[in-house]
Amino acid sequence: MFTLETLAKRYDTGVLALDGVSADIAPGEFVALLGPSGCGKSTLLRLLAGLEAPSGGRVAWDGHTGAPGPGEIGFVFQDATLMPWASAAENVYLPLKLRHVTRKLAAPKIAAALAQVGLSAFADTRPKGLSGGMKMRVSIARALVSEPILLLMDEPFAALDEFTRHKLQDDLLALWARTGKTIVFVTHSIYEAAYLANRILVMSPRPGRIAADLRASLPMGPHRRASGDYVALVERITGCFREIMPA
Amino acid sequence: MRRMVESLAPYGFGALALGGWQGAVWALHVPAYVMPGPADIVAAYIDAHAVLDAGLVATLAVTGAALLAATLLGLVLALLMAASPLFRAAIQPWAVIIQVTPVVALAPFIIIWVNQPFACLVICAVIVAFFPILSNTAAGLAATPPDLLDLFRLNGASRWQILFQLSLPYALPDFLTGLRISGTLALVGAVVAEFVAGSGGFASGLAWQIIEASYRLEIPRMFAALVMLGVTGIAIYAALGLLERLLLAKRNRA
Ligand SMILES: Nc1ncnc2c1ncn2[C@@H]1O[C@H](COP(=O)(O)OP(=O)(O)OP(=O)(O)O)[C@@H](O)[C@H]1O
Ligand SMILES: [Mg+2]
């Protein structure tokens, strides 16, 4: 269980990015952090990861405070941020390499992570030979290889074309259903949040607060995008924004 | 076919220019002490090749030593600047001041302070050559992608791991660009230093050969030494370019 207790973040520049964010995130939840640009979504994710210290409140893990250990957090950025000189497998190896796991010991884990994102055949390919979608898959495999207890994703599909995005969304859903990972997924797309998450935290414009906390359970499978529940959920979220966004 | 023609074009132009030059010298009966033709220059080289080759070796020694020292100096300073903003603030203006002061003006001081002639020439050449390596490497180190930096931190990376596995590999292309510029500058620095110091006793490099030949009005020999310097500069530039391509080949392949 991850607990955010009245989190606040004021940057050195004086910008108050977050103010009084509280939430509990249960193991196995797929949480979407949804809000307009600049509302502090990335900031909240960085606080969760321990990359940034809160200026008020605290992040607690199963009750105890303190930065997460190495590899306990998997992070996926908007850009794939692969190292251009390293093959897909070497890029995925990175989190283990940094913790001095030998390549030999890591090999099965690397292979498993690449298999999870469907890129087993591209283990030896360098980023230059991969499409944008494939690079993002490698980035996801890299986040998974250390078997993190929490997977944080910051608009990972925002830079992809729609076909690739739909495919990766489906694959991420399948991965979540298969592994039961706890995922916090930042997006500014209402449709993406509704499609993916089983819980949607709607954030208000700056300073970021949690304006609504919606639960969802859409049917899995090929008709998810066309289901009445999905349309109703999009409607509900849109309604939330009508209330919090100034006209 | 077209690419082959294009890649041969510089040689064709060179041959044409040389032929035109020689033809003009012959046709207009220009004496060799005013303007020697390519044939006179080749003859002058064959005539004095022992001295000229020794001069080339001496100049190359200074250039090589200076490039090595400039590389080390530039790298170390760039790393320290990346590690400490305070160090950067303290050093950067001085590096620029040394860079913008003409080495011709500095050389006489260095000759007075440093008694060993070889070291004296190397120091002058280092002053000319180190800046591109420093500034390029520093810029490359500062441009480490912040997301990857976060990723390294999330996985508990040490400072050294960040430096050797992330920042330095990312700065490698910038460093190599700096190295290529510095390589030719080291030669320029060595020649300038030889010119200034030549009369001061250390007389052996190619630049000194030019001065000495001019005293004796041996114009073709002056040209021969000049041509050797030009070819050396091109060779250094090409060699460092090759090194760059070899080291970066891996990341440009799919
Ligand atoms: N390192 C920083 N220093 C100072 N201010 C910052 C910093 N990072 C973010 N901010 C400010 O904090 C606010 C929230 O930024 P944040 O990046 O968290 O928003 P976001 O919701 O992720 O936006 P987007 O959807 O555009 O990514 C913004 O006003 C931003 O300018
Ligand atoms: Mg953001």
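The values are calculated or read from the model by the stated rules, or taken from the named source; none is laboratory data. Quick caveat: nothing in here was measured; it's all calculated off a predicted structure. Glycine also receives a Cβ, built like all others from the backbone with ideal geometry; neighbour counts cover every protein chain displayed. Ligands, DNA and RNA are excluded from the accessible area calculation, which covers all protein heavy atoms including side chains. Shrake-Rupley method; radii C 1.70, N 1.55, O 1.52, S 1.80 Å.
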Looking across the stretch A:145-164 at residues that are under 30 Å from A:LEU105 (Cβ atoms) and open to solvent by 30 Å² or more (accessible area, probe 1.4 Å), the single one that is farthest from ligand 1 (Cβ to nearest atom) is A:GLU147
Restricting the stretch A:52-62 to residues that are in a loop (DSSP other than H, G, I, E, B) and more than 10 Å from chain B (Cβ to nearest Cβ), the one farthest from A:ASP12 (Cα to Cα) turns out to be A:ASP62
Is it true that some residue in the stretch A:103-119 is open to solvent by 20 Å² or more (accessible area, probe 1.4 Å), out of contact with any helix residue (DSSP H, G or I) (no Cβ under 9 Å at 6 or more places or on another chain), more than 16 Å from ligand 1 (Cβ to nearest atom) and at pLDDT 90 or above? yes
All conditions in (1) of a type outside the set (Val, Ile, Thr); (2) under 30 Å from B:ILE123 (Cα atoms); (3) loosely packed, with under 12 Cβ neighbours inside 10 Å are true of B:GLY55 except (3)
Residue match in the stretch B:20-33 (condition: farther than 14 Å from B:ALA225 by Cβ and touching a residue at least 24 places away in the same chain (Cβ under 8 Å)) | yes
Cβ pairs under 7 Å, 6+ apart or interchain, first in the stretch B:133-157 and away from every other protein chain (no Cβ under 11 Å), second of a type in the set (D, E, K, R), ordered by first then second residue, are B:ASN136/B:ASP174; B:THR137/B:ASP174; B:ALA139/B:ASP174; B:GLY140/B:ASP174
Checked against (1) without any contact (Cβ under 8 Å) to a residue 40 or more places away in the chain; (2) open to solvent by less than 60 Å² (accessible area, probe 1.4 Å), B:LEU242 satisfies every condition except (2)
Scanning the stretch A:84-107 for residues that are outside any loop (DSSP other than H, G, I, E, B), facing chain B (nearest Cβ under 8 Å) and farther than 17 Å from B:ASP147 by Cα gives A:LYS97
Over the stretch A:63-83, the set of residues within 10 Å of ligand 2 (Cβ to nearest atom) and buried (at least 21 other Cβ atoms within 10 Å of the Cβ) is A:PHE77
Residue set A:THR81, A:THR65; condition touching a Leu at 6+ places or on another chain (Cβ under 6 Å) and either within 14 Å of another protein chain (Cβ to nearest Cβ) or away from ligand 1 (no atom under 16 Å from the Cβ) (or both); output residue A:THR81
When the stretch A:195-223 is checked residue by residue, the ones that are of a type in the set (Lys, Arg), crowded, with 17+ Cβ neighbours inside 10 Å and farther than 14 Å from A:PRO36 by Cα are A:ARG199
Residue set A:ALA86, A:ALA60, A:ALA49, A:ALA26; condition open to solvent by 10 Å² or more (accessible area, probe 1.4 Å) and either of a type in the set (Gly, Ala, Ser) or more than 16 Å from ligand 2 (Cβ to nearest atom) (or both); output residue A:ALA26
Subset of the stretch A:97-112, residues in contact with a Ser or Thr (Cβ under 9 Å, 6 or more places away or on another chain) and closer than 20 Å to A:THR179 by Cα, comes to A:LYS109, A:ALA111
Does A:ILE140 satisfy the condition of being open to solvent by 30 Å² or more (accessible area, probe 1.4 Å) and touching a strand residue (DSSP E or B) at 6+ places or on another chain (Cβ under 9 Å)?
no
When (1) free of Cβ contacts under 8 Å to residues at least 40 places away in the same chain; (2) closer than 21 Å to B:ALA213 by Cα; (3) open to solvent by less than 80 Å² (accessible area, probe 1.4 Å) are applied to B:HIS49, the one that fails is (3)
Within the stretch B:158-183, restricting to residues that are under 18 Å from the mean Cα position of the chain (by Cα) and surrounded by fewer than 20 Cβ atoms within 10 Å (Cβ to Cβ), the one that is nearest to the other protein chains (Cβ to nearest Cβ) is B:PRO173
The correct count of residues that are out of contact with any helix residue (DSSP H, G or I) (no Cβ under 7 Å at 6 or more places or on another chain), part of a loop (DSSP other than H, G, I, E, B) and within 8 Å of ligand 1 (Cβ to nearest atom) in the stretch A:1-51 is 9
Contact list, first residue from the stretch A:28-45 and farther than 14 Å from A:ARG199 by Cβ and of a type in the set (Gly, Ala, Ser), second anywhere and more than 11 Å from ligand 2 (Cβ to nearest atom) and open to solvent by 10 Å² or more (accessible area, probe 1.4 Å), beta-carbon distance below 6 Å, six or more apart or interchain, is A:GLY38/A:ARG206
